[in-house]
């Protein structure tokens, strides 16, 4: 069994946004030499996501607006005023911990014949909900 | 290390609905000859899900009604009228991309002693949110 | 290829709550002897979750309050009165099946150099949404 590990470092210059990391994950698969296996891609942070969807700019706007409705930003810590208890720690990212659960922490992708075994439109995204700082994504590949 | 790949093709004759694919995944595990390993099952599309829950007809109605509340269908592309920017591409499935994120893209199931290592009520479902066309689910098994 | 299986049994003495199971999963990794591989951790039930987030008490309160807003508890089975069709089976946990989908069934974690390959704040939680009874979490490890 072979294994390969790669760290992707990125910084989203905004509170929230999406970065298409598909080609960097493809690089990791090539580097691994794995022909048949599994590829795990996960955020190493708890206020951001890795997920698979479509590379389409309107959709990315839809996600941000929808997530803002599902778990609105509020810097306060009083739930009766729309705040989050978590923000009593001095953070203002209570909403980001919730948004990340909706979008997910990780994806697992099959590797077949040395390539990501993807449907036509599948692309891997890093989803940031508490940005303006360096973050890391882990790629771990096992197989043969 | 062994690996096995199987494609499940299905068509849901409605905009949205669920298909229990547990037995087909069990077939794939048997075909693989793997006794100890992991089984990835994922939608190859970005408007549908693979998830694990209960085979109960009322629950399936609950999921559809709940998802419609969380991310309502709207064929328009104007967010101020409940539409989705994604629909400006000519699609009408902006809501389906959101519903899919709530329900998830994939499941990873343990294989133990040659079988899916499941709790009593666990069943694998394909969840369709933009149906009336052929779709594919990927099963990838690795192990020994 | 090595594999290892461990069952974690737990009981949350409330309808809903979270249990940090990180150290128990670390024990399983040590027991496995795996140095490079993948570790699957999943609920074996369909009204509870395994997820990764922060060990912070305010955040846990935020999750419970937020999930109650996204999928409110209601023991009834009439959707027009906020109930769930699923509850017509005699259950009162329709809401728990929905909450579990938001928080997820499973996590897959990389094992590198014999340890969980985690970011600074990542912790593994069991999330209960229909408690007061024994439940099981499965840990399955494969690698070398």
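Values in this text are rule-based calculations from the coordinates and carry no lab data. All values derive from a computational prediction rather than experimental measurement. With ideal geometry, Cβ positions are generated from the backbone for all residues, glycine too; neighbour counts draw on all protein chains shown.
Among B:100, A:5, A:105, B:30, the ranking by other beta carbons within 10 Å of each residue's beta carbon, starting with the fewest, stands as B:30, A:5, A:105, B:100. Enumerate the residues in region C:6-37 having an amide nitrogen under 19 Å from the point lying 7 Å beyond the Cα of residue A:144 toward its Cβ. Residues passing the 19 Å test: C:34-37.
If you wrap region C:14-98 in the convex hull of its Cα atoms and look at it from every side, the mean projected area works out to 7.3 nm². The modelled label-to-label distance for the pair residue C:80/residue B:26, using points 7 Å beyond Cα in the direction of Cβ, is 4.0 nm. For chain C, relative contact order (Cα pairs under 8 Å, six or more residues apart, normalised by length) works out to 51 percent.
Rounded to two decimals, what is Rg over Rh for region B:89-144 when you use alpha-carbon atoms and the Kirkwood radius?
Result for region B:89-144 is an Rg/Rh of 1.07.
For labels at residue C:88 and residue B:7 in the simple 7 Å Cα→Cβ model, what's the distance in nm? For the pair residue C:88/residue B:7, the computed spacing is 3.9 nm. Mean residue ellipticity at 222 nm, helices only, chain B: -7500 deg cm²/dmol; runs of at least 4 DSSP H residues each add -39,500 (n - 2.57), and the sum is divided by the number of residues. Note on the protein assembly as shown: the alpha carbon radius of gyration divided by the globular reference 2.2 N^0.38 Å gives 0.91. With Rh defined as the Kirkwood radius, the inverse of the mean 1/r over Cα pairs, the Rg/Rh of region A:2-143 is 1.04.
Here is how far apart the residue A:11 label points are across copies: 5.2, 5.2 nm, shortest first, using a point 7 Å from Cα toward Cβ. Exposure proxy shown here: for C:63, B:126, B:84, the number of other Cβ atoms within 10 Å sets the order, fewest to most, as B:126, C:63, B:84. Put a point 7 Å out from Cα along the line to Cβ at residue C:79; what are the distances to that point in the other copies, in nm, shortest first? Computed spacing set for this position: 2.8, 2.8 nm. Each residue in C:24, C:9 was given a count of other beta-carbon atoms within 10 angstrom of its own, and listing them fewest first yields C:9, C:24. Inter-copy label distances at residue C:65, using a point 7 Å along Cα-to-Cβ, come to 2.8, 2.8 nm with the shortest given first.
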